Amino acid sequence: MNLNEIAGVAHEPEGTPNGVVVLTHGAGGNRESTLLQQVCEEWSRRGWLAVRYDLPYRRRRPKGPPSGSAATDREGIAEAIALCRGLADGPLIAGGHSYGGRQTSMVVAAAKQAPVNALTLFSYPVHPPGKPERTRTEHLPDIAVPTVFTHGTSDPFGTIAELRAAAALIPAPTEIVEITGARHDLGSKTLDVGALAVAAALGLLGGQLPDQTT
């Protein structure tokens, strides 16, 4: 399998990569989302190979919400992680926006051995809008790797307080990056979302890697 098979686009750093980052999109999006491009560019600038890719349902049709089985999307995520693991040495960080991030976290939670070194989740959908009783957190206690949540303070899929309660279920280091005023798309005119999310992830990895910022 190659990047074409997962509809992946690589952002390559200068020199030897410190590691690999693998990110996917939300329910209504694709690999070309502004958020994914910004975050991958920041990872590349910091010396990492960053890959943004389409989930299986998006490869089947160019528009619309997820169709078919979410299990198929999770299989696609597992394949993407396995492929990208072989692209460079060093740690591998996986994640994504909303639906893509949630499904990635489920893949990591279900794995007998953690297939990644950290998770980076954007706008994690704690619950459907207006339905706080329908939490999507059952698998979080099974996540054993450091996890960064980047979340808007006006996100209808979960308040910051609700997200903190969800993050507390993970028995590994976590960090929440608050994007003031942002909604689910994490758009911000004042904050560099990519830079904040990347810095938090590197911090959770313990600062063990060289910083190749130029």
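The values are calculated or read from the model by the stated rules, or taken from the named source; none is laboratory data. Predicted, not measured: the structure shown is a model, and the values here were computed from it. Please note: Cβ atoms are built from the backbone with ideal geometry, for glycine as well, and neighbour counts cover all protein chains shown. Areas reflect the complete protein model, heavy atoms only, side chains present, ligands, DNA and RNA absent. Shrake-Rupley method; radii C 1.70, N 1.55, O 1.52, S 1.80 Å.
Across the stretch 81-98, the number of residues qualifying as assigned to a helix (DSSP H, G or I) and at pLDDT 95 or above comes to 1. Taken over the stretch 124-159, the criterion of being open to solvent by less than 50 Å² (accessible area, probe 1.4 Å) and either among the β-branched types (Val, Ile, Thr) or more than 23 Å from residue 181 (Cβ to Cβ) (or both) is satisfied by 126, 137, 139, 140, 143, 145, 146, 147, 148, 150.
Restricting attention to the stretch 99-123, the residues that are touching a residue at least 40 places away in the same chain (Cβ under 8 Å), of a type in the set (Gly, Ala, Ser) and open to solvent by 10 Å² or more (accessible area, probe 1.4 Å) add up to 0. For the stretch 23-43, the condition of being part of a loop (DSSP other than H, G, I, E, B), under 21 Å from residue 151 (Cα atoms), polar (S, T, N, Q) and within 15 Å of the chain's Cα centre (by Cα) holds for at least one residue.
Listed by first and then second residue, the pairs linking a residue in the stretch 128-146 that is without any contact (Cβ under 8 Å) to a residue 40 or more places away in the chain and among the basic types (Lys, Arg) to a residue that is assigned to a loop (DSSP other than H, G, I, E, B) and crowded, with 17+ Cβ neighbours inside 10 Å, with Cβ atoms under 7 Å apart and 6 or more places separating them unless they lie on different chains, are 134/127; 136/125; 136/126; 136/127.
Check whether at least one residue in the stretch 87-94 is under 16 Å from the mean Cα position of the chain (by Cα) and without any contact (Cβ under 8 Å) to a residue 60 or more places away in the chain, and report yes or no. No, every residue in the stretch 87-94 fails to be under 16 Å from the mean Cα position of the chain (by Cα) and without any contact (Cβ under 8 Å) to a residue 60 or more places away in the chain. Could you check the stretch 180-189 and list, in sequence order, the residues that are over 16 Å from the mean Cα position of the chain (by Cα) and crowded, with 19+ Cβ neighbours inside 10 Å? Scanning the stretch 180-189 gives a single hit, 182.
Look at the stretch 167-187: where a residue is closer than 14 Å to residue 203 by Cβ and a partner is among the hydroxyl-bearing types (Ser, Thr, Tyr), sitting 6+ places away or on another chain with Cβ atoms under 6 Å, you get 174/147; 177/150. Of the residues that make up the stretch 57-64, is at least one among the aromatic types (Phe, Trp, Tyr), open to solvent by less than 40 Å² (accessible area, probe 1.4 Å) and within 24 Å of residue 201 (Cβ to Cβ)? Scanning the stretch 57-64 turns up no residue that is among the aromatic types (Phe, Trp, Tyr), open to solvent by less than 40 Å² (accessible area, probe 1.4 Å) and within 24 Å of residue 201 (Cβ to Cβ).
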